[in-house]
Amino acid sequence: MYRFKDYYHNEVQLSFEDHPYSQNPRHVWVICRYGNKWLLTEHEDRGLEFPGGKVENEENAQEAAVREVKEETGGTVEKIDYLGQYKVFGKEKTIIKNIYFATVSTLTVQETYFETKGPVLLQELPKNIRIHKDYSFIMKDDVLEKALEKVLNQYIKQNSGLS
C-alpha cells in the first residue's frame, strides 16, 4: 500500500490488491491505450486526463469504466483489466476509485462527449506531468505514477508498443 498527499493535500491510500477498500466503489478511473497511443480526454474544467467518473446505480464498477470511456472519448473497450484501488480522504467526503487499464479497439465520433471535449491521443505522456498546466489535478499525484509503472511492467511484454 502507498500513502501520499494528492494535489489538494488530501491523504490518499493506493493499493494494487483486490478491492482493499470497497467491493463496490462508486468511482472509476481508466488508463487507456488506442493503438500505440495513450487515450485521454479533455475535461471542460480540469484539463487533460484519463476517462473516469461515477458508477451508476444499475451497473458495477467495470461496467461504469467501459461506459465512461465510451461517453468521454467515443472509444469502444476491447479489453479491460482491474489494476487497483485508491481512497481519497477529502475534506468533505471519502472517495474510493477502482483503477483499470483498457485497450480501445475503435474511436467513434459522437455528437456529445458529456463533460469533456472528446478524445486526445498522445504518443507519450510528459515526463513531469505535475508541472504541465494543461493536465487535470487527477493526473498530478502518485496514483498516476504508480499505476503507469504497473501498466508498463504488466503489459509491456504483451504489447511492445507501450512506451
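The values are calculated or read from the model by the stated rules, or taken from the named source; none is laboratory data. In this text the structure is predicted, and so the values were computed from the model without any measurement. All Cβ positions, even for glycine, are placed from backbone atoms using ideal geometry, and neighbour counts span all protein chains on display.
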> Does the range 11-22 include one or more residues that are exposed (fewer than 13 other Cβ atoms within 10 Å of the Cβ), closer than 18 Å to LYS150 by Cα and at pLDDT 95 or above?
Replying inline: yes
> Do we have TYR100 as crowded, with 17+ Cβ neighbours inside 10 Å, modelled with pLDDT of 95 or more and of a type outside the set (Lys, Arg) here?
Replying inline: yes
>> If I ask for residues that are modelled with pLDDT under 95 and either acidic (Asp, Glu) or in a strand (DSSP E or B) (or both), which ones from the range 85-97 would you list?
In response: GLU92
>> Taking the conditions exactly as written (surrounded by fewer than 21 Cβ atoms within 10 Å (Cβ to Cβ), out of contact with any Phe, Trp or Tyr (no Cβ under 6 Å at 6 or more places or on another chain) and at pLDDT 95 or above), does GLU59 satisfy them or not?
In response: yes
>> So if I check each of GLY52, GLY75, GLY84, which one is buried (at least 17 other Cβ atoms within 10 Å of the Cβ), under 12 Å from the mean Cα position of the chain (by Cα), among the small types (Gly, Ala, Ser) and under 21 Å from GLN123 (Cα atoms)?
In response: GLY52
> Could you list, in sequence order, the residues of the range 47-71 that are touching a Pro at 6+ places or on another chain (Cβ under 9 Å) and of a type in the set (Asp, Glu)?
Replying inline: GLU68, GLU71
> Inside the range 5-34, can you point out the residues that are touching a Phe, Trp or Tyr at 6+ places or on another chain (Cβ under 9 Å) and of a type in the set (Lys, Arg)?
Replying inline: ARG33
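From the list VAL109, VAL120, VAL143, exactly one residue is surrounded by 20 or more Cβ atoms within 10 Å (Cβ to Cβ) and either touching a residue at least 60 places away in the same chain (Cβ under 8 Å) or assigned to a loop (DSSP other than H, G, I, E, B) (or both). Which is it?
VAL143
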> In this structure, is ILE138 of a type in the set (A, V, I, L, M, F, W, C), free of Cβ contacts under 8 Å to residues at least 24 places away in the same chain and surrounded by 14 or more Cβ atoms within 10 Å (Cβ to Cβ)?
Replying inline: no
